[in-house]
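The structure under discussion appears below in the form of structure tokens.
The values are calculated or read from the model by the stated rules, or taken from the named source; none is laboratory data. Keep in mind it's a predicted model, so treat the numbers as computed, not measured. Here the Cβ is made from the backbone with ideal geometry for all residues, glycine too, and neighbour counts use every protein chain on show. Areas reflect the complete protein model, heavy atoms only, side chains present, ligands, DNA and RNA absent. Shrake-Rupley method; radii C 1.70, N 1.55, O 1.52, S 1.80 Å.
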Amino acid sequence: LRANFSVIQKESGFVNGLIAVLHDITEQEKIEMERREFVANVSHELRTPLTTMRSYLEALADGAWKDDEIAPQFLQTTRTETERMIRLVNDLLQLSKMDREDYRLSKEWIDFSIYFNKIIDRFELTKNQNVTFIREIPETPMFVEIDQDKITQVLDNIISNAMKYSPEGGRITYRIKEEDTQIVVSISDEGVGIPSENVNKIFDRFYRVDKARTRRLGGTGLGLAIAKEMVQAHQGDIWAESVEGEGTTVYFSLPYDRMAEDDWS
Ligand code: ADP
């Protein structure tokens, strides 16, 4: 709520009235405010790696390039930062594509449990850390209509976070719960967790619980914001539950018709 005050004053100087106009900040102004904040965030996110790269390149130009020990390290850092900027720009392009009016999903019917298992297999085959995968996925067919590329990206973002924040030897549990009108997919880890007051902010653009640490881990702060837009484009929902020090579960739902299932079998 915003208030504008006008003082009604006579020529003599006496104040004989006060007009107060109260009005809601309109939806339009809110969108405009968010847009400005977003642009400020993007600029900051790009400036940070760029200034880091500039100082490393300056040091190299000033003679560090001759040092066999230091030069490769400095080059590696500038390379890592460049890769993070590319990821960031790709994520931004993805978001801007989804903001367009004519954004369309290319949906097809798939058996979600088979599809989910395939994605988990890919992570299981390529993982290079000590985490155990547990699958609590029903074997019965569960047909949903989804854009596979988009939901694959949602799962990639959630699973890579679960891996990133998992401790040595941690377990990651994959579940699907079949309800009458939706399926609920969940991925649980035994990692650091998220303070309860912030747990729903993790789906906001650029929100990070611990800025320094997640930057080190190479994140862009956009992964879950993209996941949220994609799930919502499917008329689903996404949310998380977390206990600090114990772990995090990220859930998302997709529309489903349990009754229609009879027609498939
Ligand atoms: P990032 O690229 O920084 O990982 P995300 O949008 O994927 O961005 O996640 C936003 C933030 O949410 C992360 O920076 C992290 O602080 C927190 N987060 C996401 N998933 C987890 C998880 N499984 N455990 C703990 N924190 C998480």
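Just to confirm the filter: which GluC sites (Glu not before Pro) across region 1-62 are DSSP coil and have at most 14 other Cβ within 10 angstrom of their Cβ?
11
What full-extension length gain, to one decimal in nm, is calculated for residue 30 and residue 233 as 0.36 nm per residue of separation minus the Cα-Cα distance?
Extra length available between residue 30 and residue 233 comes to 70.9 nm.
In whole Hz and in residue order, list the ³J(HN,Hα) couplings for region 178-192 that follow from phi through the Karplus curve 6.51 cos²θ - 1.76 cosθ + 1.60, θ = phi - 60°; x for Gly and Pro.
Result, rounded to whole Hz: 9, 10, 5, 10, 7, 10, 10, 9, 9, 10, 10, 10, 10, x, 4.
Heavy-atom accessible area per residue, the chain, 1.4 Å probe: how many Å²?
Normalised by residue count, the accessible surface of the chain is 61 Å².
Anything in the chain that counts as a DSSP H helix reaching 24 Å or more along its axis (C-alpha) with Kyte-Doolittle mean of at least -0.5? List them, would you?
70-99
Hey, rough spin-label estimate for residue 46 and residue 259, points 7 angstrom out along Cα→Cβ, what's it come to in nanometres?
Taking the simple label geometry, residue 46 and residue 259 are separated by 5.2 nm.
Region 26-137: D in µm²/s via Stokes-Einstein (Kirkwood Rh, Cα pairs, 4 °C, 1.567 mPa s)?
Taking Rh from Cα pairs, D becomes 68 µm²/s.
Give the Rg (one decimal place) followed by the Dmax (whole number) of the chain, computed from C-alpha coordinates and expressed in Å.
Cα radius of gyration and Dmax of the chain are 24.6, 89 Å respectively.
Just subtract the alpha-carbon distance of residue 125 and residue 196 from 0.36 nm times their residue separation and send over the number in nm, one decimal.
Gain on extension, residue 125 to residue 196, equals 22.3 nm.
Roughly how many percent of the accessible protein surface of region 1-123 is carbon and sulfur, given a 1.4 Å probe and a whole-percent answer?
Carbon plus sulfur share of accessible area: 55 percent.
For residue 75 and residue 103, FRET efficiency with R0 = 25 Å and r from the beta-carbon atoms, rounded to 0.05?
Once rounded, the FRET efficiency stands at 0.05.
What number comes out for the charge environment of residue 241, summing +1 per Lys or Arg and -1 per Asp or Glu over other residues with Cβ under 15 Å away?
Surrounding charge for residue 241 is -3.
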